[in-house]
Structures are given as structure tokens and as C-alpha cells.
Amino acid sequence: MKLINKKNKNYTQVFHLFTEEEWTKTSKNFNKNISTFFMGKKHEVFVNAHEEGITYFIGIGKSTLQNFEIQQVAVKFSQTQKGKVQPVPTLVIADCLNERQFEEFAKGLLIGTYNYPFEKTHAFWNAKFELHFENLSQKKLDTIGKKAEALSNGQTACQEWLNKPANLKKPDTFSLYLKNLAKKYDLKYTSFNRKKCEELGLGAYLSVNQGSAYDAAFTIIEYKTNVKNAVTFGLVGKCVLFDTGGISLKNPDNMHYMKSDMGGATAVLGTLIYAAEMQLPVNIVAILPITDNAISENAFLPSDVITAYNGKTIEVLNTDAEGRMILADGLSYMAKNFKTDFLIDLATLTGSSVRMFGDTCGALFSNNEELKNLLIKTGDKTNQRLWNLPLWDVWKDDIQSDVADIKNISMKPIGDCIIAAKFLEQFIENHPKWAHLDIAGVAFGNVGYAKEKAATGFGVQLLANLIENYH
């Protein structure tokens, strides 16, 4: 897709965007039959075929709509019309859109083409498809086009890996992909196998991995800028490729959805791609503790006592609380070996957060007001929303153990997402700017491109926007 600042005399394809208010004022200038079926409401589309070609009337709703709603409109339009739109120069008439809103429209067109398995065969990805828009300079359109493609590439990678069936994303397969990705974008790639993890003392991570038929892959990917004194973001993404629950076996009714238990890692993956393609002036250190949570004669057991990387001992009461085990080592390894200004972990961690918020927002925990407020503000801006929950020390009492420093769950049937956050806090090594995002309810759910639940791409735009706009 190319964005071009020009207007030809004739177009065979036109996208004409209207707010409800704008349509009310100008509808009399159009064929009366159009007004019968089109009112400018959000997501409304009327296709008008005429002698010169086709005009798509696209409703964007009230003039007070937020920027992310423009992206929603474009995504829905792309999902429903991508099979009809032709790869030809297309005039965009959108006097109602400012620069930021047009950027969201362009992003939405590309993001909306996603359908698993993804191929860039839709008209919007064709080099012959051009959006001609006079309202912005060519320089601004070039920037918008670059950002739209970088974001859609990142979000597509996030969705693609989350949607893959379990047999197509084994640890070695995903590791090879990451290794090749690092070569493509000139990222530093490091991966520790089981033997190396044992030498390093990554015991909490290994406790989950020991039941796997596949070798460990505790993976570190570093994106570095040439800008001096740049801010460094440390990102840790839960990367359980498939979660059976281990010995504490999950209910089989919805276990097929557990291919989605790497949602934290895929959000980090998409962010890395965006940062690399946009050459953002920041540093990013990403840790992805890759494994599955399997059942075997070697699987860890309830009552095991594990020694984590930072030396703390953990009593395992439930092997289905494996995410916090691998994150514990991911966080402490990051804190002890890298100097980061911000430390953020993301994880599809608890059913508790799903029961609390559904698919409305993720649960946010932070020990720093600046970071907390930045994440909430960015979540509202991108519609990848977060709600702050407490980290009061009273919750720490519930994970005290008789035989270890802490236990990996509370025996109380309440507040597990808070318990999990309080557990993780024990492994940040007093990092002053840490946030934990429990995205279990929002990373995988109802989407416009699939009949069943599928990847939403949650987290990519949140992190990309946060990192790109931090000053």
C-alpha cells in the first residue's frame, strides 16, 4: 500500500468517509437512494457502483469519536470489503480526518487484512494499491505509511504465532523463527539450553521445562539504538507454547485454547518488530522463557521445592501456576544482568483476571506511579486498556510457606491475579520501575476475522505506543 499526495482527474475507486454530522449536512448533494441506506453511522458502508467506477461510502460515527475508533472502522471495513476492493489508485475523501486520524485509518486497513494463516495477498498489500490523499504532505504520508506497515507487521506476527496450532509451534520451531528474525533486523540473539540453564541456576524456569520433550530455550533478544543515553526498556513475556496444566491437569473442555498461553511473548515479539522497522531511539532487552507445560515422568510435582535464579525457594502447590515460575526467573535474570530504566512483564497469567475484567481490559500492577500512569494513559489512547490493582503487602501473607521462602499459589479462592503479581514482585530485585500486565482475558478472544476465539494482537500497540512516545 502506497500513500500519495495527488489527485488524478478520474478514479475508478473512491473511499468517501463521513461522520454522521457531516453526512447530515451534505447528503442532499448525493443520490437520494444513498440516503436510504447510509447515515454515516460507525461501521456503516454503502457501495455505490456507477459508470466511472465504485465509491465506498464509509461511516465513522459521531464527530467526537476517539482516534482508535477510526482504526476500528478501518479494520471492520478491511475485514468485510477486502475481497472486493481492487488494487488500483484510490482517492480518499476524508475532510473529517486530521493527520493522526488518517494514520489510524491506514493502520486499520492493513491490520484488518489479517486472517489465519496470513498471506499478504489482499489488495491493500499490493504495490498497485495507492491511497491518494491531498490533505497531507508527501513527507507526512510517507511516515504514516511506514508506521502503518511496521505496526501491522508486528501485530500480524503476534497474532500468527498465537493462533498457530500446538503442533506447528514447538519450542525448536519458534526458536528458529526468532533466530532468523534477529538476523533480519540485526538484533542480538542469545538462547540458553537446559544444560546452560542448569549452570546458571534458572531453577524456576527449569522446573516447568523439565517435563517437556523439548530442550529449554531461555531466550534473550536485544534491540539497540545508536542514540546515546537512550532509555532502555526491559520486557519479559510469558512464553508457554502450550499449557496442559502439567500434573495439575486442566479441564479438557477448553484446553485447545491453551495454545494462546504465549500471549505475553507474542506481544513482545510484535513490539520488537515495530521498534526495529521504525528504528526507534530506544534500547529494548526482551526475555522470552520458551517452554511448554507438559505431563511426563519428569514433570514437576505439587509439593516440590524449587530454587529460583535469585536464590529464593518456591514451594509448588499447583503445577498449573507455571507462568509465574518462568517469569520469576525471567524477571530476576533481567534485573541482575541488564540495566533497564523500565521493567515490564506481560502474561496470560490467571483466570482470576478473566473473571474480573473479561475482555474489557488487562490487569495492571506497578510499584511506580510514573510507569503506572503512562501505561493507563497509553492503554486509553490505543484502546488496549489496563486497570490498576493493588500490591499491598497484606497479600504477601498468603504466599508464605512452611517449607520454602514462598509458595506459588494461595490456597484461598480469591484474588489470584493479585497473588500472582505479589509473587512476581519477589523477583524484580527491587527494580524501582516495574509493571506486571495480566492479559489473560484480552490477548485471545472474540475477533472479527474468525468464528472461534482467536488472537487479538493485544499488547503490541500498547507497548509500541508507550516506547515510541516516551521522552
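Within region 341-356, one or more residues are closer than 27 Å to PHE192 by Cβ, touching a residue at least 12 places away in the same chain (Cβ under 8 Å) and surrounded by fewer than 18 Cβ atoms within 10 Å (Cβ to Cβ).
Pick from region 292-310 the residues that are farther than 29 Å from THR232 by Cβ and outside any loop (DSSP other than H, G, I, E, B): which of them is most open to solvent (accessible area, probe 1.4 Å)?
VAL305
Of all residue pairs spaced 6 or more apart or on separate chains, those with beta-carbon atoms under 9 Å, a first member in region 282-304 that is without any contact (Cβ under 8 Å) to a residue 12 or more places away in the chain and a second member that is not charged (D, E, K, R) are GLU297/GLY211. Within region 154-172, not a single residue is open to solvent by 10 Å² or more (accessible area, probe 1.4 Å) and on the phi > 0 side of the Ramachandran plot. Yes or no: region 100-122 includes at least one residue that is closer than 16 Å to VAL14 by Cβ, open to solvent by less than 40 Å² (accessible area, probe 1.4 Å), outside any loop (DSSP other than H, G, I, E, B) and in contact with a Phe, Trp or Tyr (Cβ under 8 Å, 6 or more places away or on another chain). Among the residues of region 100-122, at least one is closer than 16 Å to VAL14 by Cβ, open to solvent by less than 40 Å² (accessible area, probe 1.4 Å), outside any loop (DSSP other than H, G, I, E, B) and in contact with a Phe, Trp or Tyr (Cβ under 8 Å, 6 or more places away or on another chain), which makes the answer yes. Screening ASN126 against (1) open to solvent by 20 Å² or more (accessible area, probe 1.4 Å); (2) farther than 26 Å from ASN10 by Cβ leaves a single unmet condition, (2). Scanning for something modelled with pLDDT of 95 or more, touching a Phe, Trp or Tyr at 6+ places or on another chain (Cβ under 6 Å) and small (Gly, Ala, Ser), does region 282-291 turn up at least one residue? Scanning region 282-291 turns up no residue that is modelled with pLDDT of 95 or more, touching a Phe, Trp or Tyr at 6+ places or on another chain (Cβ under 6 Å) and small (Gly, Ala, Ser).
Could you list, in sequence order, all residues of region 45-61 that are at pLDDT below 95 and out of contact with any Ser or Thr (no Cβ under 7 Å at 6 or more places or on another chain)? Answer for region 45-61, where residues must be at pLDDT below 95 and out of contact with any Ser or Thr (no Cβ under 7 Å at 6 or more places or on another chain): ALA49, HIS50, GLU51.
When THR64 is tested against (1) at pLDDT below 95; (2) open to solvent by less than 40 Å² (accessible area, probe 1.4 Å); (3) within 28 Å of GLY379 (Cα to Cα), only condition (2) is not met.
If you go through region 357-407 and keep only what is open to solvent by 50 Å² or more (accessible area, probe 1.4 Å) and charged (D, E, K, R), you end up with ASP359, GLU369, GLU370, LYS377, ASP380, LYS381, ARG385, ASP393, LYS396, ASP397, ASP402, ASP405.
The number of residues in region 271-291 being farther than 24 Å from VAL208 by Cβ and of a type in the set (Gly, Ala, Ser) comes to 2.
Looking at region 129-149 only, could you name the residues that are among the small types (Gly, Ala, Ser), surrounded by fewer than 22 Cβ atoms within 10 Å (Cβ to Cβ) and part of a helix (DSSP H, G or I)?
In the first step, residues of region 129-149 are kept if they are among the small types (Gly, Ala, Ser); the result is 137, 145, 148.
Narrowing the set further to residues that are surrounded by fewer than 22 Cβ atoms within 10 Å (Cβ to Cβ) leaves 137, 145.
Correct list: GLY145 only.
Mind counting the residues in region 243-279 that are more than 15 Å from the chain's Cα centre (by Cα) and either surrounded by fewer than 22 Cβ atoms within 10 Å (Cβ to Cβ) or part of a helix (DSSP H, G or I) (or both)?
Of all residues in region 243-279, those more than 15 Å from the chain's Cα centre (by Cα) come to 243-259, 276-279.
With the extra rule that they be either surrounded by fewer than 22 Cβ atoms within 10 Å (Cβ to Cβ) or part of a helix (DSSP H, G or I) (or both), the set shrinks to 245, 247-259, 276-279.
So the count comes out to 18.
For the subset of region 445-461 comprising residues that are among the hydrophobic types (A, V, I, L, M, F, W, C) and either in a loop (DSSP other than H, G, I, E, B) or out of contact with any strand residue (DSSP E or B) (no Cβ under 8 Å at 6 or more places or on another chain) (or both), which member is farthest from LEU364 (Cα to Cα)?
That would be ALA450.
Checking every residue in region 267-278 against the condition of being more than 18 Å from GLN461 (Cβ to Cβ) and small (Gly, Ala, Ser) gives zero matches.
Give me a count of the residues in region 416-432 that are on the phi > 0 side of the Ramachandran plot and either surrounded by 24 or more Cβ atoms within 10 Å (Cβ to Cβ) or within 23 Å of the chain's Cα centre (by Cα) (or both). Please lay out each step first, then the result.
Step one: list which residues in region 416-432 are on the phi > 0 side of the Ramachandran plot, which gives 429-430.
Now restrict to residues that are either surrounded by 24 or more Cβ atoms within 10 Å (Cβ to Cβ) or within 23 Å of the chain's Cα centre (by Cα) (or both): none.
Of the residues in that region, 0 qualify.
Restricting ALA455, ALA435, ALA450 to residues that are in contact with a helix residue (DSSP H, G or I) (Cβ under 6 Å, 6 or more places away or on another chain), over 27 Å from ALA308 (Cβ atoms) and either open to solvent by 50 Å² or more (accessible area, probe 1.4 Å) or of a type in the set (Gly, Ala, Ser) (or both) narrows the list to ALA455. Restricting region 11-60 to residues that are open to solvent by less than 20 Å² (accessible area, probe 1.4 Å), of a type in the set (A, V, I, L, M) and more than 18 Å from PHE129 (Cβ to Cβ), the residue that is nearest to the chain's Cα centre (by Cα) is ILE60.
If I filter region 261-278 for residues that are modelled with pLDDT of 95 or more and farther than 30 Å from ASN469 by Cβ, do I get at least one hit? Full working, then the answer.
Let us first name the residues in region 261-278 that are modelled with pLDDT of 95 or more, namely 261-278.
Then keep just the ones that are farther than 30 Å from ASN469 by Cβ; that gives none.
No; the residues of region 261-278 include none that is modelled with pLDDT of 95 or more and farther than 30 Å from ASN469 by Cβ.
Just to be sure I understand, how many residues within region 311-339 are more than 19 Å from LEU301 (Cβ to Cβ), assigned to a loop (DSSP other than H, G, I, E, B) and hydrophobic (A, V, I, L, M, F, W, C)? Counting residues in region 311-339 that are more than 19 Å from LEU301 (Cβ to Cβ), assigned to a loop (DSSP other than H, G, I, E, B) and hydrophobic (A, V, I, L, M, F, W, C) gives 1.
Within region 431-444, is even one residue touching a residue at least 40 places away in the same chain (Cβ under 8 Å), assigned to a helix (DSSP H, G or I) and over 15 Å from ARG355 (Cβ atoms)? Steps first, please.
Pass one, region 431-444, residues touching a residue at least 40 places away in the same chain (Cβ under 8 Å): 431-444.
Filter once more, so that each one left must be assigned to a helix (DSSP H, G or I): none.
Within region 431-444, not a single residue is touching a residue at least 40 places away in the same chain (Cβ under 8 Å), assigned to a helix (DSSP H, G or I) and over 15 Å from ARG355 (Cβ atoms).
The values are calculated or read from the model by the stated rules, or taken from the named source; none is laboratory data. Nothing here was measured: the structure is a model prediction, and the numbers come from that model. In this analysis, Cβ positions are derived from the backbone assuming ideal geometry, glycine residues included, and neighbour counts consider all displayed protein chains. Surface accessibility is based on the protein's heavy atoms, side chains included, excluding ligands, DNA and RNA. Shrake-Rupley method; radii C 1.70, N 1.55, O 1.52, S 1.80 Å.
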